[in-house]
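The values are calculated or read from the model by the stated rules, or taken from the named source; none is laboratory data. Everything numeric here is computed off the predicted structure, so don't read it as measured data. Because the Cβ atoms are built from the backbone with ideal geometry, glycine has one as well, and the counts that use them run over all protein chains shown. For the accessible areas, the whole protein counts, side chains as well, though only heavy atoms, and no ligand, DNA or RNA atoms are used. Shrake-Rupley method; radii C 1.70, N 1.55, O 1.52, S 1.80 Å.
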Amino acid sequence: MSKQLTLTTVNKAHAKEFNEQKKVTLKTGDFLLIDVHFRKAKIQQLLIDYQELLEQTHTKAVSMGVLKDTTFVFYMLLLRHFTSLSQIPNEIDKLVVCCEKLLDLGILEEILNAFDEKELQKVTDTMKRASENSKSINSQLESE
């Protein structure tokens, strides 16, 4: 028999699905927590942050050295939104410096490899859909 949906039921189901994290111990001996399942709301926030950081490269006087590293913005946002490293900086230049330090220590790849491939695919699929929707809207606006 089915029962009426309540906010309590929604909250319990949400917590059961999305509050689980796994502990990953790095070669440095440090550990971090990684979300086992990625929430759609966090993926959407990642996309918003990604867009804002890319816009910073145009509005700030960002050096070419920093611009060449915007490919790592995505990786750093994964860390910010889906690990216990939520304090990743919001400013593009500081974010790149943080990324370089993780690269130099040899732990960025180690952290990224700890993510579940299926969960990462959710993010890339959402990014593709957002990009396709943006192109579709732009082409509609241009044809008007």
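Yes/no matrix, rows are residues, columns are (1) in contact (Cβ under 8 Å) with a residue 12 or more places away in the chain; (2) of a type in the set (A, V, I, L, M):
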residue	(1), (2)
VAL10	no, yes
ALA13	no, yes
LYS22	yes, no
THR25	no, no
ASP35	yes, no
GLN51	no, no
LEU54	yes, yes
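Mind counting the residues in the range 58-70 that are modelled with pLDDT of 60 or more, open to solvent by less than 60 Å² (accessible area, probe 1.4 Å) and assigned to a helix (DSSP H, G or I)?
Selection size over the range 58-70: 2.
Looking only at the range 1-28, how many residues end up being touching a helix residue (DSSP H, G or I) at 6+ places or on another chain (Cβ under 7 Å) and of a type in the set (A, V, I, L, M)?
Total meeting the criteria: 2.
Among VAL73, VAL24, which is the only one that is open to solvent by less than 70 Å² (accessible area, probe 1.4 Å) and more than 12 Å from the chain's Cα centre (by Cα)?
Only one candidate passes the filter, namely VAL24.
Table: residues versus (1) hydrophobic (A, V, I, L, M, F, W, C); (2) in a loop (DSSP other than H, G, I, E, B); (3) within 23 Å of ARG39 (Cβ to Cβ); (4) modelled with pLDDT of 90 or more.
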residue: MET76; (1), (2), (3), (4): yes, no, yes, yes
residue: LEU85; (1), (2), (3), (4): yes, yes, yes, yes
residue: PRO89; (1), (2), (3), (4): no, yes, yes, yes
residue: VAL123; (1), (2), (3), (4): yes, no, yes, yes
residue: SER134; (1), (2), (3), (4): no, no, yes, no
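Taking the range 1-41 on its own, how many of its residues are over 17 Å from ALA114 (Cα atoms), among the polar types (S, T, N, Q) and not in a loop (DSSP other than H, G, I, E, B)?
3
Condition check: more than 23 Å from THR126 (Cα to Cα) and either open to solvent by less than 40 Å² (accessible area, probe 1.4 Å) or touching a Pro at 6+ places or on another chain (Cβ under 6 Å) (or both). Does GLY106 satisfy that? Please lay out each step first, then the result.
Working: more than 23 Å from THR126 (Cα to Cα): yes; either open to solvent by less than 40 Å² (accessible area, probe 1.4 Å) or touching a Pro at 6+ places or on another chain (Cβ under 6 Å) (or both): yes.
Judged against the criteria, GLY106 is a match.
Any idea which residue in the range 1-10 is modelled with the lowest pLDDT, counting only those that are open to solvent by 100 Å² or more (accessible area, probe 1.4 Å) and not charged (D, E, K, R)? Reasoning before the result, please.
Start the filter on the range 1-10 by keeping residues that are open to solvent by 100 Å² or more (accessible area, probe 1.4 Å), which leaves 1-5, 7.
Subset that is not charged (D, E, K, R): 1-2, 4-5, 7.
Working: MET1: 78, SER2: 85, GLN4: 89, LEU5: 88, LEU7: 92.
The extreme case among them is MET1.
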